[in-house]
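The values are calculated or read from the model by the stated rules, or taken from the named source; none is laboratory data. Since the structure is predicted, the reported quantities are computational estimates derived from the model, not experimental observations. All Cβ positions, glycine included, derive from the backbone under ideal geometry; neighbour counts span all protein chains shown. These accessible areas exclude ligands, DNA and RNA; they are computed on the full protein's heavy atoms, side chains included. Shrake-Rupley method; radii C 1.70, N 1.55, O 1.52, S 1.80 Å.
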Amino acid sequence: MPLLDTLGRPLNSLRISVTDRCNIRCRYCMPEDDYVWLPRSSILSFEEIDRLVGIFTRLGVTKLRLTGGEPLLRQNLDRLVSMLSRRPEVKDLALTTNGILLGRYAASLKEAGLGRVTVSLDTLREERFRQLTRSGRHREVVEGIERARAAGFSKIKLNAVVIRGFNDDELCDLLEFGRERGLEVRFIEYMDVGGATRWSLQDVVSKKEILDILSRRYGRIEPVVEAGTAPAPADRFALADGTVFGVIASTTQPFCRSCDRSRLTADGMWFLCLYAEEGVDLRDLVRSGAEDQEIARRIKEAWRARADRGAERRLELTERKALYPLEALRADPHREMHTRGG
Ligand code: SAM
Ligand code: SF4
Ligand code: SF4
């Protein structure tokens with residue numbers, strides 16, 4: 001029997017943040033000058049992560065995504081990848097990265113058994129990238145994508161957060177960039193997650209607007225209907241020439257009803273929703289000598305009680321502004337998107 005929450009949603013997909021650090025400062029995620037970091041001693045070792053994954057997979061998890069912060073900042077990540085890829089229950093092992101270090105690590109990650117890569121890239125213009133991320137390493141991202149292709153990764157995805165007045169004039173360029181390289185582009189609505197302290201509803205470009213912009217250039221856009229596949233956050237569409245892309249409407253049409261995702265932070269807090277106030281402290285259990293059975297019991301108990309539908313609840317608000325003020329983020333860095341793992 002699958003483990004179900006109060007809304008009948010199975011425990012299936014686990015996002016594992018391997019570090020809260022990042023080498024760039026995207027304005028929709030880490031816009032501030034200073035951050036409170038997780039203490040190094042609290043960061044889970046690869047062995048601790050692998051042990052937790054073993055317990056999660058016995059409870060139904062089949063999909064893993066390594067994230068962060070920037071996951072490629074974690075030393076020897078390929079060692080973790082090879083530990084996780086050896087587990088037969090893991091059917092999908094993916095990585096989300098900003099791509100800066102991808103050129104350096106793509107081949108070793110592929111060899112270690114990484115299945116899929118998603119690269120986040122919101123602009124093709126170097127100057128804009130600098131404004132958006134406070135980094136001049138745009139070229140390394142583009143090279144990283146090429147190296148990942150050369151290393152044999154197929155079905156690479158490109159995530160682009162769309163922000164009004166900032167990159168909403170680049171949707172077609174991003175799509176072309178993806179088309180030329182065989183990447184599936186996914187446009188993401190700007191979300192009011194923790195960390196997005198400059199968020200405002202006016203800056204959100206909705207799925208509808210994204211489709212309107214694209215259809216003005218490409219004409220008819222058809223939804224891609226996938227029979228028999230698991231529910232996915234991205235709605236997929238095809239242009240007349242067959243180019244497929246996705247839109248993740250997390251802000252205007254959230255997919256909480258079918259959400260089978262949870263998140264493990266680098267220091268072992270398990271969050272059952274991106275917007276959840278509280279998490280379950282699995283590090284404490286692991287380090288206090290709890291048996292696997294005891295940890296499994298805590299996970300089951302928490303999942304069975306899960307009623308979260310954070311993004312839908314945000315939609316119900318009449319007045320909407322940033323989720324947390326800066327002081328609240330400083331008081332608990334677990335509220336940050338870069339800690340919780342996007
Ligand atoms: N550093 C890696 C990266 O950027 O790909 C992995 C972690 S990042 C938190 C994961 C994803 O979250 C990225 O694709 C990023 O664009 C997305 N993200 C961060 N803040 C967001 C926001 N306010 N709205 C929508 N997506 C956001
Ligand atoms: Fe950008 Fe990802 Fe770093 Fe956040 S964690 S600042 S989205 S690269
Ligand atoms: Fe899942 Fe929470 Fe996101 Fe809704 S807001 S899709 S429940 S993680």
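Please pick out the residue among D34, D5, D78, D92 that is among the acidic types (D, E) and within 27 Å of R330 (Cα to Cα).
Every option except D34 fails the conditions.
For F255, are the conditions met, namely being among the aromatic types (F, W, Y), buried (at least 18 other Cβ atoms within 10 Å of the Cβ) and modelled with pLDDT under 95?
For F255, the condition - among the aromatic types (F, W, Y), buried (at least 18 other Cβ atoms within 10 Å of the Cβ) and modelled with pLDDT under 95 - is met.
Quick check on G60: is it within 16 Å of ligand 2 (Cβ to nearest atom), in contact (Cβ under 8 Å) with a residue 12 or more places away in the chain and not hydroxyl-bearing (S, T, Y)?
no
Tell me which residues, restricted to segment 269-284, are farther than 20 Å from A311 by Cβ and either open to solvent by less than 30 Å² (accessible area, probe 1.4 Å) or within 16 Å of ligand 2 (Cβ to nearest atom) (or both).
Those that are farther than 20 Å from A311 by Cβ and either open to solvent by less than 30 Å² (accessible area, probe 1.4 Å) or within 16 Å of ligand 2 (Cβ to nearest atom) (or both): V280, L282.
One line per residue, one yes/no per condition, for (1) within 15 Å of the chain's Cα centre (by Cα); (2) buried (at least 20 other Cβ atoms within 10 Å of the Cβ); (3) part of a helix (DSSP H, G or I); (4) within 16 Å of ligand 3 (Cβ to nearest atom):
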site: G242; (1), (2), (3), (4): no, no, no, no
site: F245; (1), (2), (3), (4): no, yes, no, no
site: T251; (1), (2), (3), (4): yes, yes, no, yes
site: R298; (1), (2), (3), (4): no, no, yes, no
site: L315; (1), (2), (3), (4): no, no, yes, yes
site: E319; (1), (2), (3), (4): no, no, no, no
site: Y324; (1), (2), (3), (4): no, no, no, yes
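Looking at V117, V81, V90, V61, can you tell me which residue is under 28 Å from P31 (Cα atoms) and at pLDDT 95 or above?
One residue alone meets the criteria, V117.
Filter segment 91-121 down to the residues that are assigned to a strand (DSSP E or B) and within 16 Å of ligand 2 (Cβ to nearest atom) and list them by number.
Across segment 91-121, the qualifying residues are A94, L95, T96, T97, V117, T118, V119, S120.
Table: residues versus (1) open to solvent by 40 Å² or more (accessible area, probe 1.4 Å); (2) within 15 Å of ligand 1 (Cβ to nearest atom); (3) outside any strand (DSSP E or B).
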position: E89; (1), (2), (3): yes, no, yes
position: S135; (1), (2), (3): no, yes, yes
position: E146; (1), (2), (3): yes, no, yes
position: L158; (1), (2), (3): no, yes, no
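Going by the structure shown, is G113 small (G, A, S) and open to solvent by less than 10 Å² (accessible area, probe 1.4 Å)?
Against the criterion (small (G, A, S) and open to solvent by less than 10 Å² (accessible area, probe 1.4 Å)), G113 does not qualify.
Within segment 117-134, how many residues turn out to be over 15 Å from R186 (Cα atoms) and not β-branched (V, I, T)?
Summing the residues that are over 15 Å from R186 (Cα atoms) and not β-branched (V, I, T) in segment 117-134 gives 9.
Look through segment 23-50, keep the residues that are open to solvent by 30 Å² or more (accessible area, probe 1.4 Å) and more than 30 Å from F166 (Cβ to Cβ), and return whichever of them is farthest from ligand 2 (Cβ to nearest atom).
The qualifying residue farthest from ligand 2 (Cβ to nearest atom) is E47.
Go through (1) assigned to a loop (DSSP other than H, G, I, E, B); (2) at pLDDT 95 or above; (3) open to solvent by 70 Å² or more (accessible area, probe 1.4 Å); (4) not aromatic (F, W, Y) one by one and return the number of the condition D308 breaks.
(3)
If a residue must be surrounded by fewer than 17 Cβ atoms within 10 Å (Cβ to Cβ) and assigned to a helix (DSSP H, G or I), how many such residues does segment 160-202 contain?
7
Residues are listed down the side, and each one gets a yes or a no for (1) within 16 Å of ligand 2 (Cβ to nearest atom); (2) within 20 Å of the chain's Cα centre (by Cα):
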| residue | (1), (2) |
| --- | --- |
| R304 | no, no |
| D308 | no, yes |
| A311 | no, yes |
| R335 | yes, yes |
